[in-house]
Amino acid sequence: YFHASRETLAKRKEADRLKQTVKTKGKFSKREKTDKPPVEAPYVPPRLKRLAKGLPGKTVDIFEGMTLLELSKRTGESVAVLQSILINVGETFSSEFDTISVDVAELLAMEIGINVRRQHSTEGSEILPRPPVVTVMGHVDHGKTSLLDALRNTSVAAREAGGITQHVGAFVVGMPSGTSITFLDTPGHAAFSEMRARGAAVTDIVVLVVAADDGVMPQTLEAIAHARSANVPVVVAINKCDKPGANPEKVKYQLTSEGIELEDIGGNVQAVEVSAAKSTGLDKLEEALLLQAVDMDLKARVDGPAQAYVVEARLDKGRGPLATIIVKAGTLVRGQHVVIGCQWGRLRAIRDMIGKTTDRATPAMPVEIEGLKGLPMAGDDVIVVESEERARMLSEGRKRKYEKDRLLKAEEARLEEETESEEGFVRVELPIVVKSDVQGTAQAVADALRTLNSPQVSVNIVHSGVGAISHSDLDLAQACGACIVGFNVKGGSTGNLSAAQGSVKVFHHRVIYHLLEDIGNLIVEKAPGVSEMEVSGEAEVLSIFKILGKRRTEEDGVNIAGCKVMDGRVCRSGLMRLLRSGEVVFEGSCASLKREKQDVEQVGKGNECGLVFGDWNDFRVGDVIQCMEPVIRKPKFISSESGAVRIEC
């Protein structure tokens with residue numbers, strides 16, 4: 001029975017045994033009674049039912065009106081499993097050819113652990129021209145916000161802490177020609193890379209601002225990379241052309257070397273020379289933007305449910321969670337139920353960027369919505385659903401999937417830390433609680449702090465939230481030994497008193513430079529450091545003294561090196577290294593160190609001394625003796641001129 005399985009083999013053995021013990025009488029057979037216990041058949045494990053055939057990182061496209069069978073083919077899961085999930089969530093169906101809504105399709109995909117991407121159809125919808133969405137990007141302090149101030153005759157830059165933008169601002173600027181353009185102002189500091197990427201993802205045109213007196217800088221190159229990855233056309237605005245050291249031609253040459261094909265050399269990228277301080281060249285910039293928008297033929301669906309994108313989110317004390325969104329297609333109407341990321345709510349109010357209440361929001365219109373149950377993340381899509389029950393169900397499904405992904409990432413990080421600890425790395429954890437005025441800034445600050453991770457100190461963002469520092473934040477920080485970073489938020493006197501009593505470090509900052517510098521210094525202070533041997537002093541052998549032992553023989557004697565300390569100090573407790581003609585001939589401990597016949601612990605520079613090594617007697621005049629002492633080498637906090645920071649070990 002070589003080819004038989006275990007269960008077949010057991011059945012055949014049992015059958016052979018029964019044949020030997022059964023006596024046949026006529027038509028029926030009677031089994032003899034035996035006192036032996038029954039033979040136990042080998043255990044065969046049941047075949048487990050696989051819940052999800054899709055890979056963890058698999059993403060499928062879903063759309064309105066797809067059938068259950070089509071979703072089954074795309075996800076790789078059987079129709080029976082999808083039907084059982086539909087029954088559990090309370091949905092009715094009659095066959096596998098029934099059409100399901102895009103919300104139900106997403107819920108089914110999340111339950112089996114597959115990511116989805118919504119596809120929207122414009123068939124039968126009214127398509128009309130829409131205003132362009134323009135994102136202003138560039139290096140820090142190159143005049144992006146000042147340029148927008150000149151376009152709309154306001155002063156936002158003066159209200160920003162440190163004179164640099166640290167939020168994503170969205171507003172509509174009415175041009176003298178009568179048209180309107182939606183502008184997004186993004187931060188230029190290195191810490192806000194994710195916010196610039198979000199700005200490039202939602203925009204139609206990128207205005208790349210480059211200072212004529214500074215040229216192309218690191219964040220300029222990063223903005224070019226974001227625009228290319230989002231496949232968005234670029235219009236170059238060379239700012240500060242009124243300054244004495246301005247050189248626009250140099251800027252054009254630098255941009256050309258980076259692959260930006262300007263119109264001056266036969267390319268398709270427009271370059272406009274402007275001055276935000278003197279408001280010159282703004283009409284040419286407007287003309288360039290409108291010309292680019294005409295070439296793109298921007299149109300959007302006006303009727304039907306809205307598709308929108310969260311630019312920023314914040315927590316207001318009186319109105320609750322607020323989200324700044326830009327409508328991409330459709331019309332957002334007050335009173336609709338929406339799902340944004342893991343949060344949901346009924347739109348209680350819609351306000352434009354000047355604070356005026358409106359009933360609806362049309363494509364390319366930035367508005368602020370209120371009525372959400374929680375604070376969404378910047379970058380989330382806004383989805384309109386038909387009922388409160390559907391919104392709550394979709395939100396709960398997303399929360400479960402988000403929590404599952406978070407636990408998987410935490411488990412991977414824990415296994416990585418255990419591997420490093422087994423390999424002998426000593427790593428200290430620095431827990432941090434981040435609070436900011438808006439969600440996008442809190443997320444950017446948390447990402448910037450994570451970049452300060454080093455082989456010796458691991459930055460762990462325990463909590464990232466929006467609003468003022470509260471007692472619950474202090475209790476959380478005290479429980480896990482964390483420090484609190486408050487960015488653009490206020491901390492009350494009661495909070496400061498509780499922090500002082502609980503020995504919780506609280507950092508209040510309004511400028512990202514100072515925040516990263518303080519946390520970097522805290523990481524350097526908390527780092528355990530690396531123990532290294534450092535040369536603390538050098539001495540030269542000038543003469544050798546021989547002392548005979550008890551037997552009065554040279555073999556029994558001890559050689560004393562008469563030395564002069566040439567640099568640093570020589571310590572008796574240090575590790576001694578003997579150099580002869582530049583090569584190390586001995587390394588060991590010092591048995592005796594004397595100066596003027598007195599035992600001493602150390603001898604300073606310029607003094608003479610006598611040295612005796614424990615296991616070495618072969619001294620020669622001219623030898624160099626180095627004293628090595630252990631030192632703890634701490635990491636260094638390095639900040640570059642471009643604003644990028646790092647911890648160097």
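Values as computed for the structure displayed
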{"item": "Long-range neighbours under 6 Å by Cβ, at least six apart or interchain, first residue in the same structural domain as His508 (by the TED database) and part of a helix (DSSP H, G or I) within segment 478-489, second open to solvent by less than 30 Å² (accessible area, probe 1.4 Å) and modelled with pLDDT of 85 or more", "result": "Cys480/Pro431"}
{"item": "Failed item in (1) farther than 21 Å from Ile544 by Cβ; (2) modelled with pLDDT of 80 or more, with Val612 passing the rest", "result": "(1)"}
{"item": "Residue satisfying condition, being surrounded by fewer than 19 Cβ atoms within 10 Å (Cβ to Cβ) and at pLDDT 60 or above, within set Gly178, Gly138", "result": "Gly178"}
{"item": "Residue selected from segment 501-546 under the condition closer than 16 Å to Lys634 by Cα and assigned to a strand (DSSP E or B), by the criterion most open to solvent (accessible area, probe 1.4 Å)", "result": "Met533"}
{"item": "Phe637 vs. criteria modelled with pLDDT under 85, among the aromatic types (Phe, Trp, Tyr) and surrounded by 17 or more Cβ atoms within 10 Å (Cβ to Cβ)", "result": "yes"}
{"item": "Hits in segment 75-115 - residues which are within 33 Å of the chain's Cα centre (by Cα) and either in a loop (DSSP other than H, G, I, E, B) or more than 19 Å from Leu394 (Cβ to Cβ) (or both)", "result": "Gly76, Glu77, Ile112, Gly113, Ile114"}
{"item": "Answer from Arg427, Arg450 - the residue that is more than 25 Å from Leu322 (Cβ to Cβ), of a type in the set (D, E, K, R) and under 16 Å from the mean Cα position of the chain (by Cα)", "result": "Arg450"}
{"item": "Criterion violated by Cys571 - all others in (1) open to solvent by less than 70 Å² (accessible area, probe 1.4 Å); (2) within 46 Å of the chain's Cα centre (by Cα) satisfied", "result": "(2)"}
{"item": "Residues of segment 280-329 satisfying the condition of being at positive phi and within 32 Å of the chain's Cα centre (by Cα)", "result": "Gly320"}
{"item": "Residue that is farthest from Asn115 (Cα to Cα), among those in segment 73-88 that are in contact (Cβ under 8 Å) with a residue 12 or more places away in the chain and open to solvent by 40 Å² or more (accessible area, probe 1.4 Å)", "result": "Gln83"}
{"item": "Wholly enclosed helices (runs of 4 or more DSSP H) of segment 181-283 bearing at least 2 residues touching a helix residue (DSSP H, G or I) at 6+ places or on another chain (Cβ under 9 Å), modelled with pLDDT of 85 or more and open to solvent by 20 Å² or more (accessible area, probe 1.4 Å)", "result": "248-257"}
{"item": "Verdict on Val445 being in contact (Cβ under 8 Å) with a residue 60 or more places away in the chain and surrounded by 20 or more Cβ atoms within 10 Å (Cβ to Cβ)", "result": "yes"}
{"item": "Output for segment 311-360, where each listed residue is among the small types (Gly, Ala, Ser) and modelled with pLDDT of 90 or more", "result": "Gly335, Gly345, Ala349"}
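Residues are listed down the side, and each one gets a yes or a no for (1) closer than 28 Å to Arg118 by Cβ; (2) touching a Ser or Thr at 6+ places or on another chain (Cβ under 9 Å); (3) in a loop (DSSP other than H, G, I, E, B); (4) at pLDDT 85 or above:
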{"position": "Gly371", "(1), (2), (3), (4)": "yes, no, no, yes"}
{"position": "Ser395", "(1), (2), (3), (4)": "yes, no, no, yes"}
{"position": "Leu452", "(1), (2), (3), (4)": "no, no, yes, no"}
{"position": "Val462", "(1), (2), (3), (4)": "no, no, no, yes"}
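The values are calculated or read from the model by the stated rules, or taken from the named source; none is laboratory data. It should be emphasised that the depicted structure is a prediction, and the values quoted were computed from it without experimental measurement. All Cβ positions, glycine included, derive from the backbone under ideal geometry; neighbour counts span all protein chains shown. Surface areas here come from the heavy atoms of the whole protein model, side chains and all, with no ligands, DNA or RNA. Shrake-Rupley method; radii C 1.70, N 1.55, O 1.52, S 1.80 Å.
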